[in-house]
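Structure record follows, encoded as structure tokens.
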Amino acid sequence: MNEFFLARSLMAMSLAFHIVFAALGIGMPLLMVLAEGVWLRTRKPVYLELSERWAKGTAILFAVGAVSGTVLAFELGLLWPGFMAHAGAIIGMPFSLEGFAFFTEAIFIGVYLYGRGRLSPFLHWLAGVLVAISGVLSGIFIVTANAWMNAPTGFVLRDGKFSAIDPIAAMLNPASLHEALHMTLAAFVATGFAVAAVHAFFLLRNPRSDFHRSALGLALLVAGVST
């Protein structure tokens, strides 16, 4: 058992933990926003209650995902210093942009949680839309860095050193589009079916529950369309 094996094992464990919360962090805001959007259109109280319950879950998942993502950011530099010394200048931009998207999401999730009853219903829903959009963008920016490792572009290799670096070309590498699309839809599918399973379980225990029936319908809609 050498250092290389230990580094890979630690990175794998961290990624396996984080990806669960990353996927839910992309999918849950969409469900939350859809529920409130249906409430704005129909004014049925069940959808307002649903958006409130899902918002609390989204906030908790966001917090755990933020911490586990920060651990991964440190591991990139601590476990793979050689890789980052060479590739950092090329894939640094998507990580920086992900930081902007993350803080945007953090700001508006705060507005969404504490603005209920203080903002107009439309502005409150709009804050949730920005949470959902910034969550998707966070995932896309990180995936472009992963895609670059599969299809490295945006640089010229001279004498073993990277030169003529073009961060935009690196982000728009041949693998970035289908990987970003796959990850985003996969997050919606996984979240939709996971949430549907939870509400289906409680609906079996209480078949008359309008709350769980409405939740199941929205979750299956997101999962089905994304599939």
**OP:** Grab the DSSP H runs of the chain that are 4 residues or longer, score each as -39,500 (n - 2.57), total them, divide by all residues and round the 222 nm result to the nearest 500 deg cm²/dmol.
**Re:** -30000 deg cm²/dmol
Subject >> Whole-angstrom Cα spans of region 28-69 along principal axes, big to small >> reply: 38, 13, 8
**OP:** Please report, in cubic angstrom per residue, the volume enclosed by the convex hull of the alpha-carbon atoms of region 165-227.
**Re:** 75
Original post:
If all Cα-Cα distances of the chain are sorted into 10 Å bins from 0 onward, what percent lands in each bin, rounded to whole numbers?
Top reply: 8, 29, 31, 19, 10, 3, 0, 0
Original post:
Accessible surface of R158 in the full protein assembly, 1.4 angstrom probe, to the nearest 10 Å²?
Top reply: 140
Original post:
Give or take rounding to whole Å, what are the principal axis extents of the alpha carbon atoms in region 90-139, in descending order?
Top reply: 45, 13, 10
Subject >> region 1-104 - Rg and Dmax from Cα coordinates, angstrom >> reply: 18.4, 61
Original post:
In degrees, nearest 10, range 0 to 90: what is the angle between the Cα axis of helix 81-114 and the longest Cα principal axis of the chain?
Top reply: 20
Subject >> Stokes-Einstein D in µm²/s, Kirkwood radius over Cα pairs - region 83-183 at 37 °C with 0.692 mPa s viscosity >> reply: 219
Subject >> Pairwise centroid distance, computed over Cα atoms, of region 2-68 with region 149-227, Å >> reply: 12
Original post:
Given the convex hull over the Cα atoms of region 128-178, what projected area results after averaging over all orientations, in nm²?
Top reply: 3.9
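The values are calculated or read from the model by the stated rules, or taken from the named source; none is laboratory data. The structure displayed is predicted, hence computed values, not measured ones. Ligands, DNA and RNA are stripped out before the accessible areas are found, and what is left, the full protein with its side chains, is counted by its heavy atoms. Shrake-Rupley method; radii C 1.70, N 1.55, O 1.52, S 1.80 Å.
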